[in-house]
Structures are given as structure tokens and as C-alpha cells.
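Notes to accompany the following structure.
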Amino acid sequence: MAQPPAGAPRPPGAYFEKKGEVHELRQLLRGAAADRDQQKKRDAIKKVIAYMTLGIDVSPLFSEMVMASATQDLVQKKMVYLYLVNYAESNSELAILAVNTLLKDCRDDDPMIRGLALRSLCSLSLVNMIEYLQPAVQRALEDVNGYVRKTAVVGVVKIFHIMPSVVLESDLVTTMKRLISDSDAHVVANAIHAVEEVLADEGGYTPTKEIMTSMLNRLNQFSEWGQCAVLRLLSKYRVEDEGEMFDIMNILDGLLKQSSCSVVLSVTKIFVDLTSNRPDLQADVMRRLKGPLLTLMASPTPELAYTVLMHINALLGHSRCIMEIFAADYKQFFCRYNDPSYVKAVKIDILTLLVDMSNAAAIVGELSEYVTDVDAEISRRAIRGIGKVAVRVPATAEMIVSSLTSLLELDIDYVSTEAAVVMKDLVRKYPEQFQQASGAVERCIKIVTEPEGKCAILWILGEYGLLIDDAPYLLEPMIDGFVEEVSGAVKLEMITAAVKLFFCRPPEMQAMLGRLLDKAITETTHPDVRDRALLYYRLLAYSPEEARRVICAPKEIVEEFQEEMDAEMREKIFDEFNTLSIVYKQLSAKFVVSKAAAVVMSKMQPPPAPDGAQFGGDYGVGGGDYGGGAGGGGLNLANNDPLPSTSAAPPSSVVASADLLDGFDSTPSPAGPPPASSSASDLLGMDDLLGGGLSVPSSPAAPAAQPFSMQLGAQMDGGAFERRWSQLPQQQVQRPMRPASPSSPLGTAAVEQLLRQIGISVIASGTIPPGQALKFFCYGKQGSGPQPPMPGETWFLIELILVPGGAATCTVKPENAQPAAVEGFCGKIWEALAAFVC
């Protein structure tokens, strides 16, 4: 075979057919080093990286590449460091050769080289490198250049993943916490992420008032990802009063103008959390949020549009008030011809939530257009949506039954199936509409082939066979094909429908029913079908009248159909707003496998709402007035002078795991009566939220509080309990249960008696599987103890779950209570249940 002439280009793949390529690369690297030709050396290193990228093993060149790192050329260093990081794990013994070079570069005068060397050093991910990594990272955390400090913060996380004890037992965590107040916004953002990940087992980092003051004051300096980090940290901060709440909302309002979905949704979560106990104020907030959310929903990127739509859907399902706010803009959710199917599906769900008397006809007309969509799933969803409209707006039932009947004329199998299922549900809710739908049954039987549709038609034949003239003869072909039917559900429904028809039309159905029961008993292998046939046969043989009473028992009209997700689960998922939980419609625990990757989403606790408070109109955003708080005192953005010491110590949570103000003293101190409101007074009781003063003034000594006790005989009706339960913030504590004792058996009656003795009334109780755990809903009213923060009474609402052999979980929802009162209340509960709880 003729050899190609010298200098001719080699065909693709020729380099990989020879075995001496690594040797040639070694000679190139050594020759370039000897010639001191930087361009030649750069080309040689580039060729090594190209081979490495293609998957060719060039690890034998490790020594030469380490030697090549001794250069001032930043491009060469980047390529050499990329090589070292890639092969360090497979050549851990040789990787030690690169340490001296990397450590030397970590002290270079050029901050870019220092940062690059530190990043590469930390990326080696070798346990035997820890002794070199820790000092280098510790020194870099104090570097004068922000880029190096930012890289060092990420290096701490890499060390944590290699050997967690090195980070947790050193002062690296303390240094990173200090960097959260760094002058460089990029360093602050990285520090927040790093501290949250390193301290994940402890619940993450809890910010103090000073930290949040500094961050909110510099919010515009952060990138959008940094702003998201700050907002996630802000959700752990506990607002002291309404003045501070309004100040925070006024500051964050400017972020709603951003084009970043993540930032807008983070602000939305904070706004919704802060107003969770004030429906009137939350309505005003949602009117302000509606515009930005609708703008983001129209994003040309379908993935972003889908994410925003899912969050809008979650908001609509959270509150009826939010539905009414968005209802006027229902046309914004009409599907476009080029929308992907997943976007259309969410828009259809939203349209069914926004329907009311004023827009029902327009929405039904729009959904009817989607029935002919090329995507069968969208067509089915549109038909189901039409049915939901009728359930939500009863006045539209007649129009929708007529619309569903007209859909059967399309002669499309899946359309007819879905229409039959929806029509069955509507007839269950609106029996008076059957006469209008009866004419479609015969047409459906000829078209429908799917099991779900057949079951719907059979149910209609059984329930309304007396009103359908040809009902027995419509059923007869299906009975003749009983053995060939593969669906067990259809066979079960067919047997039930035949027996019901027999009671309505005995002469016509007697022979058919006999054939059907004979086939079901003798020719089927499905156990459920055979058992049902035997049951009906024996009932009929015993007494036809008794069989009629059992099988044709009168049914109540369906008021509501079961939702896809129960309200409790929906609220738990809503608490994880602005995460994938909203997109997946599942709690994060269901799909987050790695504990380190889990992001703990905190629900920002709202301040206590004053009794009878009615806030209307805008909350001070939109007009550019960032100084207008709830009491008129406002915040001075330019004022950096600390305010006089006038406040008591901030409140603390009862349980360490639920403490939202970790930075303060965790010992609750009873507070005196609240100061009188004044337009010139400090709304926060501490330094100005956006002031420059970060020192916390010492608190004056509080007067001695009365011992805590409960008021006996306090009364609350079920409606008031339910309203308050849905509005109040919650705290949760746990205690282990004692082993079961024959002398003190655990039961609902015993627990209720113990609680009643200390002034706690049980409004509902019962057992829940598994393990027959006991569950109680209770309430109590404070008799004496710490003064409430607002004028009025102090109530405690409780959900108590006792799991024998497990734990006792007490979820407390206090109303107008000091933290010390909550702690005293929990102490009373555990003291009363001392026989069962450790």
C-alpha cells in the first residue's frame, strides 16, 4: 500500500491507530521546554488536552505536565491544571508531584493565578491532600482579592465533601460566617451557599437582624443568583412586627421588575408567607404580584413559562381569594398554537380554576377548541376540564351536557371515551340532566372501545335503564362478548348493570342475566368477577326483594368529587414554593436522594396580626415610597446612625430545631406591655432595618412575669377553630414515648381527661394507622403569665399525635402569645402527659 507523501494531512483517526502517540507527545513537551518556545509549548499542551477530551489515556505524561505548569502563561496553566485535576484520582501517588507547584501558585502576585491554583488544588479530591488543602484555603479566605476569597469559599465545601470533620472541627465555618458580611457581593453569595450546605445537618445558617440589615441594604449589588441566595436566607428570618414586615416588602418590591423568574418567585414566596395570617393584606399583595407573574408566564422559553405556570397553579389552589384576583385575566391562559403539550396541560388546569359565572361560556368555548388537538392527552384533559367547569358552576350544567353530547359526533374513540366518563360524573351530580344526555348512550356504545369508557356507559345503563327504551338490547351484544372481554373492571360493571336492569325490566333481562351469570361463574378465571357473580346469584336465589334492596339502594347526589390531592398534602407542597416540589407536585423528600443536595425551605413566619386589623389598598410599593411602614414611622435609607436603645430582647422560639432567630439569646425573657404607637417612634424596636448601625443595643431588664397557667372552662366552637388553624403560624416539638404500661393504658379517654385537668379542651380525637396512633385536636386559653404582645386574649391551638413505642408530636399554633408563654404551654402539656411521654 502506497504511503502518503510527507507533509500531507493525515486522515481522521490516523493518530489513534499508531501506538507511539504518547511517546511523540512526550517528546513534543520536552522539546518545547528545552526550546523555551511558549507558542510551541502551548500547542503541545493543547494537543494533550485534545487527546484527553477524546478519551485517549494520556496519564503517562503526568510528570511532563507537572513540569509544564511552571510558567507564567495563564492559558497554559489553565490547560495543565485541567489535566492534573482529570488524572489526579487515577494517579493519586503522582498527584503529590503537582502539590508544590499549586501551593507556590497560591502565593502568586496575580490574583487570577492564585484563584486558579486554589480551585485546581481543591479539585484534586484526594484524602491525602487534606493536609495541604486546609492551610491554603484558610489563607485564601483572608485574601485581599474578592475572586480568591470567592474561590476559597467553594474550596471549603470541596474539603467538606472529602472529609467533613476537617471543616466542622476547625475555624473554617466561623471564617465563612464572617464572610457573609464581606464587602464583595460575589463572596457573600458563595458564603451563603457554602454555610448552608456545610451546616445542613444543623438546619443551615440562621441570620441575625444585623446580617439581614446589611444584605437588604446591598441587595442591588448582587447578581440574580446572589439575590436568590439572600432571599432564601431571608425566609429564615423572623419578622418582629408589622412595621418591619412592611419595610421588607417595600424593599423587595423593586425586585419584581427583574426578568429573572427565580428572583420574582423568591419574592413571591416571601410576600405570601409574610401575609399568610392576613387574608386582606394578602389580596393586596397578590394584585401587585399578578403583573410580574403574567409577564414571566409569557416567556418565549417554554420551560420557564411552564415553571411559572405551575407556581401560578399552586397559588390558585392555595386560596379562593387569589383565584378571584386572577379571574379577570383568564384570557392570558388561553393556549397558543405553538405551545408545547406540557404548557397546554397546565393552562387548561388553570382555566378550570378561574371559571365563574361571568367567564364560564368563554372558557367552555375555548376548551371545546382543544378537543380536536393533535395530542390525544390534551384532548382528554380539555374534556375533563369542561366537566370540572360544570361542577364548579352549576348553572352551566345544561350547556356543558349539550356540549359533551355534540362531541360524540366527532366519532373519535378517545374523545367519546372521555366524554362518556365526564357525562357519567355530571349525571351523578346533576341527575336532572340525564334526559338531555340519554340520546348519546347508543352512539357511545358503538364508538367507545376503552375500558374506562365502557364502564361509564354500563353504569349509565344500570342506573337509568328504565328511561332508556333500548337499554336491554344495547347491553345484549356486550353480554354475548363477555368471555372475550379482557378488562376485569368492565366485566364487574357489566354484571352489576345487568342485575340492576333485571329489576327494572325483568321479562327482557331474565334470559340475558342467566347467561351472563353462568359465563361469569363457570367460564371466567378472574376471582373478583366470579365472586361477584356468585354473590348476586345467591342473593337472587335467597330473595329477589332483598337483592333489590341491597343492589339498588338509593344513592345520595354527589356534592363534590375527590381532588387529585388532599388539602393537607397540597398545603405541605405549597410550603415548598419556589422549588421542584411545585413542578413535580410531590414533597422534596420523595425525589431528593442526596441529603447534601437537599435544600431546606423555610416558611417565613408572619408577625402577629392585631385584633380587628383591616389594611386595605397598597402596602407602600409602586409609588416609590420605601419609607411608609404600617405605623407611619418608616425607614430612612440614608440614615446610618444607630437608634437609641428602646427595645426588649427579640423573641426566641421554643424548640432549637425550629428557632428562626439563632443569632439571639435562646432563653425567652418575658416582655412588658407594648409601647404606644407613634408616627415618630421606631417601628422595629431596634436599629433601622436599612441603617448602617449593626450593633444590637442591650435590652433593659424586664419585670418579673406571673407564673404561666391555663384558664379552665374556655370555649371555642368548631368553626372558629378551623378558621384560626388555617391562618396561624405553627411550631412543632417532639418527645419520645414511654414503653406501654399495664397500669396506665394509653387511650383517647385517658389523654382527654389529663388534658382537661390543665384547661385544654379536645375538639376532636381518634386513631390513625399504622400502629393505631392517637390524634387529638385541642385548644386552650392562657389564664396568667407573660403579657401578650398585642391587646386581647391568648389562645393555643394544638394537634397532638401519640405513636405507641415511637414519639409524641405536638404542633402548636399560638395566637397573640409571647414565646415564653408558648414554652410554658408546652411544658404544661408534657407535665400532664408524663405517664406516657418521657
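Sort through Thr417, Thr449 and tell me the only one that's among the hydroxyl-bearing types (Ser, Thr, Tyr) and not in a helix (DSSP H, G or I).
Every option except Thr449 fails the conditions.
Among strands (runs of 3 or more DSSP E) lying entirely in the range 720-818, which contain 2 or more residues that are open to solvent by less than 30 Å² (accessible area, probe 1.4 Å) and at pLDDT 85 or above?
773-784, 795-802, 807-815
Any chance you could count how many residues in the range 365-402 are under 31 Å from the mean Cα position of the chain (by Cα) and of a type in the set (A, V, I, L, M)?
Of the residues in that region, 10 qualify.
I'd like the full set of residues that are touching a helix residue (DSSP H, G or I) at 6+ places or on another chain (Cβ under 8 Å) and open to solvent by 10 Å² or more (accessible area, probe 1.4 Å), limited to the range 217-255.
Arg218, Asn220, Gln221, Phe222, Ser223, Glu224, Trp225, Cys228, Arg232, Ile251, Gly254
Out of Val483, Val499, Val448, Val441, report the one residue that is open to solvent by 50 Å² or more (accessible area, probe 1.4 Å) and either under 47 Å from the mean Cα position of the chain (by Cα) or in contact (Cβ under 8 Å) with a residue 12 or more places away in the chain (or both).
Answer to the selection: Val483.
Among the residues of the range 455-480, which ones are open to solvent by 50 Å² or more (accessible area, probe 1.4 Å) and either farther than 20 Å from Ala547 by Cα or part of a helix (DSSP H, G or I) (or both)?
Glu463, Leu467, Asp469, Asp470, Tyr473, Glu476, Pro477, Asp480 - these are the residues of the range 455-480 that are open to solvent by 50 Å² or more (accessible area, probe 1.4 Å) and either farther than 20 Å from Ala547 by Cα or part of a helix (DSSP H, G or I) (or both).
Exactly one condition in (1) modelled with pLDDT of 75 or more; (2) touching a Lys or Arg at 6+ places or on another chain (Cβ under 9 Å) is not met by Asp35; state its number.
(1)
Among residues belonging to the range 110-144 that are open to solvent by 40 Å² or more (accessible area, probe 1.4 Å) and of a type in the set (Asp, Glu), point out the one that is modelled with the highest pLDDT.
Within the range 110-144, the match that is modelled with the highest pLDDT is Glu142.
Considering each residue of the range 159-199, count those that are under 15 Å from Ala229 (Cα atoms) and open to solvent by 30 Å² or more (accessible area, probe 1.4 Å), and give that number.
Residues in the range 159-199 being under 15 Å from Ala229 (Cα atoms) and open to solvent by 30 Å² or more (accessible area, probe 1.4 Å): 8 in total.
Which of (1) buried (at least 19 other Cβ atoms within 10 Å of the Cβ); (2) in a helix (DSSP H, G or I) does Val85 not meet, given it meets every other one?
Failing condition for Val85: (1).
Check Met399 against each of (1) crowded, with 22+ Cβ neighbours inside 10 Å; (2) under 24 Å from Asn359 (Cα atoms) and name the one condition it does not meet.
Looking at each condition in turn, Met399 falls short on (1).
Spot the failing condition for Ala361; the list is (1) open to solvent by 50 Å² or more (accessible area, probe 1.4 Å); (2) under 21 Å from Val272 (Cα atoms), and only one is missed.
Going through (1) open to solvent by 50 Å² or more (accessible area, probe 1.4 Å); (2) under 21 Å from Val272 (Cα atoms) one by one, Ala361 breaks only (2).
Give the residue that is farthest from Pro292 (Cα to Cα), with candidates limited to residues of the range 306-350 that are among the polar types (S, T, N, Q) and in contact (Cβ under 8 Å) with a residue 24 or more places away in the chain.
Ser341
Considering only the range 513-535, state which residues are open to solvent by less than 40 Å² (accessible area, probe 1.4 Å) and not in a helix (DSSP H, G or I).
Matches in the range 513-535: Thr524 only.
The values are calculated or read from the model by the stated rules, or taken from the named source; none is laboratory data. Only a predicted model underlies this, so the values are computations on that prediction, with no experimental measurement involved. In this analysis, Cβ positions are derived from the backbone assuming ideal geometry, glycine residues included, and neighbour counts consider all displayed protein chains. Quick note on the areas: whole protein, heavy atoms, side chains included, nothing else; ligands and nucleic acids left out. Shrake-Rupley method; radii C 1.70, N 1.55, O 1.52, S 1.80 Å.
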